[in-house]
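Values in this text are rule-based calculations from the coordinates and carry no lab data. All values reported here derive from a predicted model rather than from experimental measurement. Neighbour counts are summed over all protein chains in view; Cβ atoms, including those assigned to glycine, are modelled from backbone coordinates with ideal geometry.
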Amino acid sequence: VAEGGEVTYKKIQSKQIMGSIQLGIQHTVGSLASKPKRDLLMNDFWEMETIAFPPDGSSLTPAHHYSDFRFKVYAPIAFRYFRDLFNIEPDDFLMSMCASPMRELSNPGASGSIFYLTDDDEFIIKTVQKKECEFLQKLLPGYYMNLSQNPRTLLPKFFGLYCFHYNSKNVRLVAMNNLLPSDIKMHCKYDLKGSTFRRKASKAERQKASPTFKDLDFADHHPDGIFLEADTYTALMNTIKRDCMVLESFQIMDYSLLVGIHNLDLAAKEKREERIRNARAKLQRKEGGGATTTTTTLASDDDAPEADQLNQLHAVASYASIPGTSAAGLNRTRSMNRQRLVAHSTAMESITADLDATIEEGDDEPKGGIPARSSNDERLMLYIGIIDILQSYRLEKKLEHTFKSILYNGDTVSVCRPSFYAKRFQDAMGKQVFKKTPTFPLKHSPSKR
Ligand code: ATP
Ligand code: CA
Ligand code: CA
């Protein structure tokens, strides 16, 4: 996160971009409300709408404090249809996008894209290059044909494509689903391609608070891979296989599997430690104030370190009533919101499309992740999805790139690389990254055989 210095993109202040696109999205979602829902037509995919936003306002747009800009919306009716497909109500979309300022995410990528995260954690807006924007336009009909046939997918869900025009510069942006809920701590994050060539997080990246690691780092951290129940493993691999087939058919490569790992055992430990820390701090403050301590005991976790001390400290804490109820309450409303909106795109549902398949979870265990184990038997929750799919080999090679040629061109040289990429990707995910849990528990020998 670029705190301190001004963040710019194409020499435009990031704040100006963010504020302007919020105005733009607000306008387009608002004006769509007057257009009745109808079936999608082919030309809806090519349509664009441009609105001018003079600072003084106009009959259509409000006055604002940013510089004069224009806002272009690609395929508004088509994207409305897609949002509808994912049960995203116009009001919810509007609230997520426009009600509060978005947060800027630090981007480990080399492309220089800026990422914004909506305050409610639902959507990510990413700046894309012109050729990526054009590619997405061409991709849309086929992509969504696929999505509506097969909602069980890890492919990104695109909810809008926009262009912010200011001072003869264009900033193109795509709105998509956020894969990593920020209220769930990711103990580790990986961007995996199945390649090993230079796939190591840079030193600068590793020094960040929440670095995104790469394939070689993964092999280093998890030499035995990550273990999944047999059914989960099969569902995941089938999904990846189908997704790769789609990507290959569009000659897309260089995509990644983003894997966020929440370690439940580590989280429990951290929680205990935090409780001790908080209570200790409170005790110190209390002692300064000369208060007496009460002697209620806390039902301690059996393996809690310093359990006695914790009990004592907790007694003080509860006496002083500091359990942070307000913050907890806030989190609860937020996660309820999140369940309502993102229910269709949690990692677990992406691979099973079956609500009953979610395993029984503890009350305060994070929802929506894919349950897994590390090789030393720690309980994990995985948050995953395929990202960065707007690079087509065909475009990179500057070949003719109509939608038709993507589909029908039988040029074997050009399909070779995407197909190699897809195969290597699948192999790596199915053989090195994810493993099927042995039928006997890890750490124990198979006594019944
Ligand atoms: P490059 O082309 O250099 O690889 P890029 O600018 O195209 O980078 P991406 O590869 O799309 O960026 O994403 C970079 C990082 O941003 C990812 O590794 C991940 O940490 C984060 N990220 C991207 N998309 C999402 C998403 N949908 N949800 C959560 N995090 C994301
Ligand atoms: Ca990438
Ligand atoms: Ca990219």
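Cβ-Cβ distance of residue 231 and residue 378, R₀ of 22 Å, FRET efficiency by 1/(1 + (r/R0)^6): the value works out to about 0.60.
Amide H to amide H, with H built 1.01 Å from N, residue 105 comes under 5 Å of 115, 116, 117, counting only residues 5 or more places away or on other chains.
Residue order for 213, 69, 420, fewest other beta carbons within 10 angstrom first, comes to 420, 213, 69.
Sequence-ordered 3J(HN,Hα) estimates for region 128-140 from the Karplus curve with 6.51, -1.76 and 1.60 and θ = phi - 60° stand at 10, 6, 4, 5, 5, 4, 5, 5, 4, 4, 6, 6, 3 Hz, glycine and proline given as x.
Gain on full extension, evaluated as 0.36 nm per residue between residue 270 and residue 285 minus their Cα-Cα distance, stands at 3.2 nm.
If the chain linking residue 437 and residue 168 were pulled fully straight, counting 0.36 nm for each residue of separation and taking away their Cα-Cα distance, it would gain 91.2 nm.
Taking amide hydrogens as placed 1.01 Å from N in the peptide plane, the amide H of residue 385 sits under 5 Å from those of 258, each at least 5 positions away in sequence or on another chain.
Among 53-61, 116-124, 278-286, 177-185, the peptide with the highest mean count of other Cβ atoms within 10 Å heads the list, and the full ranking is 116-124, 177-185, 278-286, 53-61. Convex hull of alpha carbon positions in region 8-177: directionally averaged projected area 9.9 nm². For the pair region 184-199 / region 88-106, the C-alpha centres are spaced 27 Å from each other. For region 49-63, backbone phi angles converted through the Karplus equation (6.51, -1.76, 1.60; θ = phi - 60°) give residue-by-residue couplings of 9, 10, 10, 8, 10, x, x, 7, x, 9, 5, 9, 10, x, 6 Hz, Gly and Pro being listed as x. With both labels modelled 7 Å from their Cα along Cα-to-Cβ, the residue 38 to residue 420 distance reads 4.8 nm. The alpha-carbon of residue 208 sits under 18 angstrom from the alpha-carbons of these lysines, leaving out residues fewer than 8 places away in its chain: 185, 189, 200. Other residues lying with their Cβ under 11 Å from the Cβ of residue 428 contribute a combined charge of +3, Lys and Arg counting +1, Asp and Glu -1.
Ordered by the number of other Cβ atoms lying within 10 Å of each residue's own Cβ, fewest first, 50, 196 fall into the sequence 50, 196. Put in line by how crowded their Cβ is, counting other Cβ atoms within 10 Å and starting with the fewest, 168, 111, 14 read 168, 111, 14. Computed from label points 7 Å out along Cα-Cβ, the spacing between residue 49 and residue 13 is 2.9 nm.
Stretching the chain fully between residue 148 and residue 210 yields a gain of 18.9 nm (0.36 nm per residue, less the alpha carbon separation).
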